[in-house]
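Colleague: Here it is, the structure in full.
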Amino acid sequence: MAWTSPSRRTHRVGRAGAALWTALDAALRARNAESARILAREDHPVAPGFLTRRGFSGDKRYFMSALHVPDFDPAPYAALEGRLHDQGVRIRSLAELRAAGTPDLARRLHALMSDVRQDVPRAEPATPLSFQVFEDAVLGDPGLLPDAYLIAEVDGTWAGQTALFRSDASPDLLTGLTGVTRPWRGQGIATGLKLAAIRAARTLGATTIRTDNASDNAPMLAINDRLGFVRDPASVSYVICFR
């Protein structure tokens, strides 16, 4: 095989990428698309410049963060967990709720997720989550871990949720949506859910939990930072408007 210099390989990739974008741009405009978004790591050697030259502008930034589970020390959070317990907050898993025969379980889970996701910072307004999509994409996800899909319950009211998923691509566990309903925010419930998820991950033998958050989601980033999640370089959401 003939040797090709890195600069020549980059040039070839750049030409291929340019040709692909030209075709995609034409297809999007033909369908009267209003805009298009793409994520690119801020430390990528090619992508930021490639996108900027083609009219994309970066706005939101997202961080992927990782926690090494065996190194986590829950001791500093014993007082918080004790206070939550005294306030009647209980963390229950999907596996437990199923075993208990919880009535209308799927509908209640859908309602809770639909509630907490409304205020999640995102590049575009939240699209309503239909029950069918929730059943198929969340409850039907083969990577969903019923012992690590966790609900915070207070006197029968569901106040928050978090979830962990497995992927065939990696042994790491991936965090789904973590959120708390508006009446219960600011009371440590999100941290309590995260602590329960770390405990579940340890029981499952996982070594790493990964999560991603928008840079303007300050409360959740602060929780993750305190727990010891380490951030990767940010991914930037680039947008191009066609009209």
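Colleague: Relative contact order, percent, of the range 153-194 when contacts are C-alpha pairs under 8 Å separated by at least 6 residues?
Modeller: 38
Colleague: Under a plain spin-label model, where a point goes 7 Å from the Cα along Cα-to-Cβ, how far apart in nm are residue 141 and residue 117?
Modeller: Distance between label points: 1.0 nm.
Colleague: Next question, about the same structure. ³J(HN,Hα) across the range 235-241 via Karplus (A = 6.51, B = -1.76, C = 1.60, θ = phi - 60°), whole Hz, x for Gly/Pro?
Modeller: Once rounded to whole Hz, the list reads 9, 9, 8, 9, 10, 10, 9.
Colleague: I would also like to ask the following. What percent do you get for the relative contact order of the chain when only Cα pairs under 8 Å and 6+ apart count?
Modeller: Reported as a whole number, the value is 37 percent.
Colleague: Here's something else I'd like to know. Can you grab the distance from the C-alpha centre of the range 83-144 to the C-alpha centre of the range 155-172, Å, no decimals?
Modeller: 9
Colleague: In whole percent, and with a 1.4 Å probe on the protein chains, what portion of the accessible area of the chain is carbon and sulfur?
Modeller: It is 55 percent, rounded to a whole number.
Colleague: Also, I was wondering about something else. Report the relative contact order of the range 135-243, percent, no decimals, based on alpha-carbon pairs under 8 angstrom and at least 6 residues apart.
Modeller: Relative CO of the range 135-243 lands at 20 percent.
Colleague: Here's something else I'd like to know. Per residue, how much accessible area does the range 151-243 have with a 1.4 Å probe, in Å²?
Modeller: I get 43 Å² per residue for the range 151-243.
Colleague: Starting from the alpha-carbon convex hull of the range 100-243, give the projected area averaged over all orientations, in nm².
Modeller: Computed as one quarter of the Cα hull surface, the answer is 10.6 nm².
Colleague: Still on this structure: Can you give the log10 of the normalised intensity I(q)/I(0) at q = 0.10, 0.14 Å⁻¹, computed with Debye over equal Cα scatterers of the chain?
Modeller: The Debye formula, applied to the Cα set alone, gives -0.60, -1.02.
Colleague: Continuing with this model, one more query. What residues have an amide H closer than 5 Å to that of residue 41, excluding those fewer than 5 places away on the same chain, when H is modeled at 1.01 Å from N in the peptide plane?
Modeller: 236
Colleague: Okay, next question. 222 nm [θ] for the chain, helices only, -39500 (n - 2.57) per DSSP H run of 4+, per residue, to 500?
Modeller: Helices in the chain give a 222 nm mean residue ellipticity of -11000 deg cm²/dmol.
Colleague: Which whole-Hz ³J(HN,Hα) couplings does the range 137-148 yield from phi under the Karplus relation 6.51 cos²θ - 1.76 cosθ + 1.60, θ = phi - 60°, glycine and proline marked x?
Modeller: 3J(HN,Hα) across the range 137-148, in whole Hz: 8, 9, 5, x, 5, x, x, 5, 9, x, 6, 10.
The values are calculated or read from the model by the stated rules, or taken from the named source; none is laboratory data. Not measured: the values here are computed from a predicted model. Please note: Cβ atoms are built from the backbone with ideal geometry, for glycine as well, and neighbour counts cover all protein chains shown. Surface areas here come from the heavy atoms of the whole protein model, side chains and all, with no ligands, DNA or RNA. Shrake-Rupley method; radii C 1.70, N 1.55, O 1.52, S 1.80 Å.
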